[in-house]
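All remarks here apply to the structure that follows.
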Amino acid sequence: MKTRDPQTFHVKSFGCQMNVYDGDRMAELLEAEGMRAAADGADADLVVLNTCHIREKAAEKVYSDIGRLMKRKNAPAPMIAVAGCVAQAEGAEIVRRAPGVDIVVGPQAYHNLPALVREAKAGRPALDTGMPLLSKFGALPARRRQGPSAFLTVQEGCDKFCTYCVVPYTRGAEISRPFAAIIDEAKALIDAGAKEITLLGQNVNAWRGGAGEGLEDLIRALDALPGLARIRYTTSHPADMTCGLIRAHAEVEKLMPYLHLPVQSGSGRILKAMNRSHSAQSYLAIIERVRAARPGIAISGDFIVGFPGESDADFEETLNIVEAVNYAQAFSFKYSPRPGTPAAEMEDRIPAQVMDERLQRLQALLNAQQLAFNQAKVGRRCEVLLERTGRKPGQLAGKSPWLQSVHLETDATIGDIVEVELLSAGPNSLAGRHTAALFPGEGRGPVSSSAPLDPGLRRGTARAAA
Ligand code: SAM
Ligand code: SF4
């Protein structure tokens, strides 16, 4: 038995933050059609699998999920929609391989989801993997759901064609949303309670406005919006790290001291084979300028180990660049050949065991750096935006300015920004206590603290110096 007239839905997003954003927008679309969100996929009438195609493992997950949904015990099999990058890459092949799938919808076409549901209700498999330029944003309903921290997609697609990457094929050419539409969406998010907005794009710093504005102009416009306390952006490409954007890190108070800037490898030879436009040296020079603009900024990155032809010496150069940068956070992956990309045709593939060993060594170094960054904050005060319940009863958790998770006991509520003394640090989070206000007249905490303000805090440094 299969559900044909869905009243409830569940959207499960895999992969990057852009998929999380798309998943939220699909949920808003379905709610606008009168459907209700179910708590999870266990008994929802419609399940949307919002997929990721970046690595083979991520792409295969969708098929095991479909199998589980078709066999679920407590409810008839749901109507199943496959959305996201696997839908774009595999199209009708998905329905051939998994006949239980009712809808296939690509990342540029999901504004048509309600129409596709209507088609599937009539018992026909419904497919849309079109790539119309930006039309989906204009066709989406106004933002409605929101927590204290919101994603806002400003740029999509990619023209860089790194040889390992499927994004230019699944997300299409680089496009920027118009300035005014982004500001309108930001205002709607703030009205719905957002205190922090993270601007998203596959190469977010390639965003350009119609009058030639750069991402820094967008950040400055957001800075002027009352009610917004924090701005972030991700993911950036080294080639688009302009002087203006680096200057914004020095001048815009609401721009948080965190930069995710993937390098992928420390070897010039491998970077060239990857078709990255930067070298290890030019990447390090950017980091130096960013740190000069914003001392104490947390630097994060992405790495791939085991790209075809990567020698031991190439890998040592990756470890060297990690030592040179000293990351606060990072994401590292084993190379995964993606069909249709140039690297998938390259010879000299690296054996799985060698990749495993390299990944372990790299992650040991990155984890040690992350722990050291977290530990260096212990005994200091900073602001935390409370976003969710914490690990223990009575605790809430949120993010520090450097994107660390912080858990604390407090009577404050989710959405508050509180002053916190950081008491202890692990590799993935810190524990703190809610203290009296960092700055006079800016709210009250339950206890006073003589812990020093973190010197990386702009307002703290400015006022401490005054
Ligand atoms: N645009 C960003 C940039 O240029 O660095 C990256 C976006 S990509 C969606 C996210 C990360 O996935 C990449 O930085 C890379 O480390 C990783 N990645 C992409 N393709 C991969 C592949 N074929 N195998 C392993 N990791 C991959
Ligand atoms: Fe993929 Fe990023 Fe390279 Fe574009 S710049 S091809 S998204 S890794």
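The values are calculated or read from the model by the stated rules, or taken from the named source; none is laboratory data. Treat the numbers as computed from the prediction; the structure is a model and nothing was measured. Here the Cβ is made from the backbone with ideal geometry for all residues, glycine too, and neighbour counts use every protein chain on show.
Okay, here's what the table says:
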| read-out | value |
| --- | --- |
| Residue list for region 153-165, restricted to those being more than 10 Å from Gly201 (Cβ to Cβ) and either of a type outside the set (Ser, Thr, Tyr) or crowded, with 20+ Cβ neighbours inside 10 Å (or both) | Asp159, Lys160, Phe161, Cys162, Tyr164, Cys165 |
| Counted residues, region 336-374 - those being surrounded by fewer than 18 Cβ atoms within 10 Å (Cβ to Cβ), within 16 Å of ligand 2 (Cβ to nearest atom), assigned to a helix (DSSP H, G or I) and of a type in the set (A, V, I, L, M) | 1 |
| Cβ-Cβ under 6 Å pairs, at least 6 apart or on other chains, region 229-244 side more than 15 Å from ligand 2 (Cβ to nearest atom), far side of a type in the set (S, T, N, Q) | Arg232/Thr198 |
| Region 161-175 - residue that is of a type outside the set (A, V, I, L, M) and at pLDDT below 95 and, of those, nearest to the chain's Cα centre (by Cα) | Arg171 |
| Hits in region 306-317 - residues which are part of a helix (DSSP H, G or I) and in contact with a strand residue (DSSP E or B) (Cβ under 9 Å, 6 or more places away or on another chain) | Phe315 |
| Count of region 53-77 residues which are assigned to a loop (DSSP other than H, G, I, E, B) and over 13 Å from Tyr169 (Cβ atoms) | 7 |
| Members of region 174-199 that are assigned to a helix (DSSP H, G or I), in contact with a strand residue (DSSP E or B) (Cβ under 8 Å, 6 or more places away or on another chain) and not β-branched (Val, Ile, Thr) | Glu185, Ala186, Leu189 |
| Failed item, numbered, when Gly84 is tested on (1) surrounded by 21 or more Cβ atoms within 10 Å (Cβ to Cβ); (2) in contact with a Cys (Cβ under 7 Å, 6 or more places away or on another chain); (3) modelled with pLDDT under 90 | (3) |
| Scan of region 98-143 for residues that are under 21 Å from Leu189 (Cβ atoms) and modelled with pLDDT under 85, ordered by number | Leu134, Lys136, Phe137, Gly138, Ala139, Leu140, Pro141, Ala142, Arg143 |
| Answer residue from region 1-23, given it is crowded, with 20+ Cβ neighbours inside 10 Å and of a type in the set (Phe, Trp, Tyr) and is farthest from Asp302 (Cα to Cα) among those | Phe9 |
| Unique match (being surrounded by fewer than 21 Cβ atoms within 10 Å (Cβ to Cβ) and either without any contact (Cβ under 8 Å) to a residue 24 or more places away in the chain or within 14 Å of ligand 1 (Cβ to nearest atom) (or both)) among Pro168, Pro141, Pro125, Pro132 | Pro168 |
| Pairs with Cβ under 6 Å, 6+ apart, first in region 78-99 and part of a loop (DSSP other than H, G, I, E, B), second buried (at least 24 other Cβ atoms within 10 Å of the Cβ) and not hydroxyl-bearing (Ser, Thr, Tyr) | Pro78/Ala44; Pro78/Leu46; Pro78/Val47 |
| Filter result for Gln146 (assigned to a loop (DSSP other than H, G, I, E, B), within 29 Å of Gly398 (Cα to Cα), at pLDDT below 95 and within 16 Å of ligand 2 (Cβ to nearest atom)) | no |
| Of all residues in region 265-300 being touching a Pro at 6+ places or on another chain (Cβ under 8 Å) and among the hydroxyl-bearing types (Ser, Thr, Tyr), the one that is farthest from ligand 2 (Cβ to nearest atom) | Ser282 |
| Residue identified as surrounded by 21 or more Cβ atoms within 10 Å (Cβ to Cβ), over 16 Å from the mean Cα position of the chain (by Cα) and more than 21 Å from Ile286 (Cβ to Cβ) among Ala211, Ala194 | Ala194 |
| Candidate set: region 24-55, residues that are within 16 Å of ligand 1 (Cβ to nearest atom) and either β-branched (Val, Ile, Thr) or surrounded by 21 or more Cβ atoms within 10 Å (Cβ to Cβ) (or both); chosen: the one farthest from Pro107 (Cα to Cα) | Ile54 |
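Matching residues to (1) polar (S, T, N, Q); (2) within 16 Å of ligand 1 (Cβ to nearest atom); (3) within 30 Å of Gly415 (Cβ to Cβ):
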residue	(1), (2), (3)
Tyr233	no, yes, yes
Ser236	yes, yes, yes
Ile246	no, no, no
Ala250	no, no, yes
Ala273	no, yes, no
Ala285	no, no, no
Ser300	yes, yes, yes
Asp312	no, no, no
Asn320	yes, no, no
